[in-house]
Amino acid sequence: MVFSKRMEALADLCQGARRVIDVGCDHAQLCALLVTEYGVEHAFASDIRPGPLENARRTIAELGLESRITPVLSDGLDAFGPGDGDAVIIAGMGGEEMTLILSRAPWAGDNGGQVILQPMTNIPKLRQWLAENGYHVKKERVIKEGRKVYTAMNIQKGADESGAREYAYLFGTALLQDPLWPLYKEKLLTKYGASARGQEQAGLSDTPEQRIFRLLQNL
């Protein structure tokens, strides 16, 4: 099986994990990568919908990994509890959805556990919520897959020292050193530049989007 760059990057972010819960597993390809190439002893392929879970079951059977990957029908982490996994992965969802999932599972990240997040939207709201609810962004990186550019982060319990507050919770200081940072910066400039110019034409000034655009220009 050929794994995408995004999956490989997510697997890299949870190095050292032994039991992993993948929320929103789709075809269970990430679980398969983790148990075959990253030393994970057991993975739980979880999804809220029966259809994707059936896709996961097929992948698991085709690869002969029934003893290593367990499919679980679950709304977020509701079917799990402390001790089920030392790492949780939530990827490809909106930031607000991630906060809802984590708010119902306050045990995620306890006792040195890892939580890997790859949000698609509402990143500032997510990062601010993490900082205000006792999570520390330990690692973060830019991921490029085809023409798409994403960010992902490894979070754990503890006081956040990522510096994200200085950057409107869009990213932390460490991301500025990522080799792919220029690509992500360009993505943000395009997004916030369009908003800032539209607001300026409408006669608005010093809006949050305009401040973020100026911040990005000065980096």
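Ala105 meets each of the listed conditions (1) open to solvent by less than 30 Å² (accessible area, probe 1.4 Å); (2) in contact (Cβ under 8 Å) with a residue 40 or more places away in the chain; (3) over 22 Å from Arg141 (Cβ atoms) apart from (2). When we screen Gly51, Gly85, Gly39, Gly94 for residues that are at positive phi and of a type outside the set (D, E, K, R), the only hit is Gly39.
Restricting to the stretch 174-219, name every residue that is under 20 Å from Glu145 (Cβ atoms) and part of a loop (DSSP other than H, G, I, E, B). Selection gives Asp178, Pro179, Leu180. Residues that are charged (D, E, K, R) and modelled with pLDDT of 95 or more were ranked within the stretch 12-48; the one that is farthest from Gly64 (Cα to Cα) is Asp12. Residues considered: Arg147, Arg165. Of these, the only one that is out of contact with any helix residue (DSSP H, G or I) (no Cβ under 6 Å at 6 or more places or on another chain), under 28 Å from Gly76 (Cβ atoms), of a type in the set (Lys, Arg) and at pLDDT below 95 is Arg165.
Every condition in (1) buried (at least 20 other Cβ atoms within 10 Å of the Cβ); (2) of a type outside the set (Phe, Trp, Tyr); (3) assigned to a strand (DSSP E or B) holds for Gln156 except the one numbered (1). Of everything listed in (1) over 18 Å from Lys139 (Cβ atoms); (2) assigned to a loop (DSSP other than H, G, I, E, B); (3) of a type in the set (Val, Ile, Thr), the single unmet condition for Val40 is (1).
Can you tell me how many residues within the stretch 60-81 are open to solvent by 30 Å² or more (accessible area, probe 1.4 Å), among the polar types (S, T, N, Q), part of a loop (DSSP other than H, G, I, E, B) and in contact (Cβ under 8 Å) with a residue 12 or more places away in the chain? Within the stretch 60-81, residues that are open to solvent by 30 Å² or more (accessible area, probe 1.4 Å), among the polar types (S, T, N, Q), part of a loop (DSSP other than H, G, I, E, B) and in contact (Cβ under 8 Å) with a residue 12 or more places away in the chain number 0. Specify the residue that is surrounded by the fewest Cβ atoms within 10 Å (Cβ to Cβ); the eligible residues are those in the stretch 126-150 that are acidic (Asp, Glu) and outside any helix (DSSP H, G or I). This residue is Glu145.
The values are calculated or read from the model by the stated rules, or taken from the named source; none is laboratory data. Only a predicted model underlies this, so the values are computations on that prediction, with no experimental measurement involved. Heads up, the Cβs are rebuilt from the backbone with ideal geometry, glycines too, and the neighbour counts pull from every protein chain shown. Calculation scope for accessible area: heavy atoms of the full protein, side chains included, ligands and nucleic acids excluded. Shrake-Rupley method; radii C 1.70, N 1.55, O 1.52, S 1.80 Å.
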